[in-house]
Amino acid sequence: MKQETIAIHSGNIHHASTGDVTSPINLSTTFLRNEDGGYSGGHMYSRVSNPNRSALEAALTALEQGADAAVFSSGNTAGMTIFQALKPGSHIIAPDDMYWGFKKQLQSIFADTLEFDFVDLTDTTNVERYIKPNTVMVWIETPSNPLLKVTDIAAVAAITKAKGLLLACDSTFASPCLQNPISLGADIVMHSTTKYIGGHSDVLGGALITAVKDEFWEKIKNIQQIGGAVSAPFDCFLLLRSLKTLPYRMRGHSDNGMALAQYLEKHPQVEAVFYPGLPSHPQHEVAKKQMSGFGGMLSILVKGDVEATRKVVNKVKIFSQATSLGGVESLIEHRFSVEGPDTKTPPNLIRISVGLEHIDDLVNDINQALT
Ligand SMILES: Cc1ncc(COP(=O)(O)O)c(C=O)c1O
């Protein structure tokens with residue numbers, strides 16, 4: 001089946017007794033045992049599994065062409081679970097433009113237990129250059145937050161497979177509808193479901209999808225179920241509901257993203273535009289090869305200093321100045337102010353999450369803010 005059909009039909013719970021067409025929310029924390037002590041309904045206790053969570057995991061597995069999925073209470077928890085599943089002393093090769101929160105996790109929570117190098121992975125020869133005897137995993141994020149760098153997933157997968165390393169891919173900016181890293185050789189895909197999958201800025205969540213159910217995946221499921229940082233039934237219901245429109249929303253985000261990027265590239269107040277769909281993007285050819293659309297995330301460098309840049313984000317009217325991305329409403333953010341002085345994000349960078357408003361209104365709004 002095609003993605004539009006999978007998104008609508010996968011993971012639906014139908015009760016024969018009531019004939020539900022859409023999934024009901026199941027709030028029960030515990031489930032009846034059979035006389036023999038088993039669970040004929042398939043669930044025992046909702047930290048371990050719950051009908052809504054299982055339904056969401058099934059749908060994400062199908063959309064990402066994986067073998068299984070695990071959903072968590074946030075994207076940060078999903079990523080952290082992978083780091084927790086690694087043996088102490090393991091070395092990770094991670095991107096220099098890794099999502100700020102994961103970089104912070106490695107540098108603080110895992111500073112004493114894991115080793116890591118932040119490397120420019122747009123040059124895949126860097127992977128081999130940084131492999132050490134204790135390297136176990138390459139983490140890629142494509143497109144990356146906030147510089148929209150693109151990493152060649154298949155090229156990195158060829159190296160990790162040859163060297164027996166794990167390849168994890170944060171695919172949040174692409175969503176399962178624009179890119180499927182498992183089909184390109186990744187072992188685990190990570191999503192902040194708070195973003196495009198949720199799509200309405202009203203639910204926090206994260207997901208991991210695995211290519212195979214192996215020993216490492218068992219460790220991840222164990223941390224999910226014993227650690228317990230799971231997604232609540234209502235959140236899973238909301239995410240499953242949002243998933244049904246994801247393929248169409250991603251088309252709208254991609255159309256608006258491309259149109260805004262093309263407009264801003266010619267704007268006299270803009271120094272540079274980072275958008276994988278533009279032929280001027282340094283990894284445009286790689287993006288074209290591995291993505292079916294380029295999404296709604298772009299960053300620009302404003303001509304001017306920090307103050308001039310802050311003025312732009314304060315002057316927009318339709319865009320909301322707020323953290324996060326992937327919702328139907330357009331958001332804008334000065335990442336330098338958010339990430340603090342030790343960030344490598346340029347001070348004149350503005351990150352834009354292009355929503356589903358009419359493109360003419362978005363263009364007019366950003367133009368009045370820039371001028
Ligand atoms: C690329 C990327 N990965 C992971 C996360 C973390 O997700 P969450 O905020 O759901 O914990 C984010 C959040 O902004 C992100 O942009």
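Structural remarks
- HN-Hα J in Hz across the stretch 85-91 - Karplus 6.51, -1.76, 1.60, θ = phi - 60°, x for Gly and Pro: 7, 7, 5, x, x, 5, 10
- Dimensions of the stretch 20-140 from C-alpha coordinates, computed as largest minus smallest value along each principal axis and given longest first, are 57, 31, 23 Å.
- Given charges at Cβ of Lys, Arg, Asp, Glu: the stretch 123-177 dipole, positive-most of Thr124, Thr160, Val150: Thr160
- Pairs exceeding 26 Å between alpha-carbon atoms, taken from Lys288/Lys311; Lys103/Lys303; Lys266/Lys317; Lys104/Lys161; Lys266/Lys311; Lys219/Lys288: Lys288/Lys311; Lys103/Lys303; Lys104/Lys161; Lys219/Lys288.
- Per-selection Rg to Rh, the stretch 278-371 - Cα, Kirkwood hydrodynamic radius: 0.98
- Taking the Kirkwood radius as Rh and the Cα radius of gyration as Rg, the stretch 135-201 has a ratio of Rg/Rh equal to 0.99.
- A simple charge model with +1 on the Cβ of Lys and Arg, -1 on the Cβ of Asp and Glu and nothing else charged puts the dipole of the stretch 159-313 at about 260 debye relative to its Cα centre.
- Each label was represented as a point 7 Å from its Cα along the Cα-to-Cβ direction; for Gln107 and Glu285 these points are 3.4 nm apart.
- Built amide H within the under 5 Å cut-off of Glu115, gap 5+: Gly89, Ser90, His91, Ile92
- Considering only Val286, Met258, Ser330, and ranking their Cα positions along the charge dipole of the stretch 248-370 that arises from unit charges at the beta-carbon of Lys, Arg, Asp and Glu, the one farthest toward the positive end is Val286.
- Among beta bridges from DSSP that stay inside the chain, the antiparallel ones total about 55%.
- Projecting the Cα atoms of Gly304, Gln368, Pro346 onto the dipole axis of the stretch 248-370, where Lys and Arg carry +1 and Asp and Glu carry -1 at the beta carbon, places Pro346 farthest toward the positive end.
- Peptides 119-131, 87-99, 25-37, ordered by how many other C-beta atoms sit within 10 Å of their residues on average, highest first, read 87-99, 119-131, 25-37.
- Rounded to the nearest 20 debye, the dipole size of the chain about its Cα centre is 80 debye, using +1 on the Cβ of Lys and Arg and -1 on the Cβ of Asp and Glu.
- Zero-based 10 Å bins, Cα pair distances in the stretch 232-332, whole percents: 14, 38, 32, 14, 2
- Sites Ala67 and Asn134 - FRET efficiency at Förster radius 35 Å, r taken between beta-carbons, to 0.05: 0.80
- Rounded to the nearest whole Hz, the Karplus-based 3J(HN,Hα) values (6.51 cos²θ - 1.76 cosθ + 1.60, θ = phi - 60°) of the stretch 122-133 follow the sequence 6, 9, 5, 5, 5, 4, 4, 4, 9, 5, 10, x, with x at glycine and proline.
- Among 189-200, 293-304, 66-77, 40-51, the peptide with the highest mean count of other Cβ atoms within 10 Å heads the list, and the full ranking is 189-200, 293-304, 66-77, 40-51.
- The relative contact order of the stretch 248-370, computed from alpha carbon pairs under 8 Å that lie at least 6 residues apart in sequence, is 28 percent.
- With Cα atoms, 0 to 90° folded angle of helix 359-370 axis to the chain main axis: 50 degrees
- Protection-proxy order for peptides 261-267, 109-115, each taking the mean of Cβ atoms within 10 Å per residue, highest first: 261-267, 109-115
- Multiplying the residue separation of Glu271 and Ser40 by 0.36 nm and subtracting their alpha-carbon distance yields 77.0 nm.
- The HN-Hα couplings worked out from phi for the stretch 182-197 by the Karplus form 6.51 cos²θ - 1.76 cosθ + 1.60 (θ = phi - 60°) are 5, 5, 9, x, 6, 8, 9, 10, 10, 10, 7, 6, 4, 8, 5, 4 Hz, whole numbers, x standing for Gly and Pro.
- Rh by Kirkwood over Cα pairs, then Stokes-Einstein D for the chain at 1.306 mPa s and 10 °C, µm²/s: 75 µm²/s
- Relative to the longest principal axis of the Cα atoms of the chain, the long axis of helix 233-243 makes an angle of roughly 50 degrees.
- Distant-in-sequence amide H partners of Glu271 (H built 1.01 Å from N, under 5 Å): Leu301, Val302, Lys303
- Ellipticity at 222 nm from helices only: DSSP H runs of n ≥ 4 in the chain, each -39500 (n - 2.57), divided by the residue count, give -10500 deg cm²/dmol.
- For Ser201, distant residues with modelled amide H under 5 Å away: Val328
Each reported figure results from applying straightforward, stated rules to the coordinates on display, with no laboratory input. Quick caveat: nothing in here was measured; it's all calculated off a predicted structure. Every residue, glycine as well, gets a Cβ built from its backbone with ideal geometry; the counts of neighbours run over all protein chains shown.
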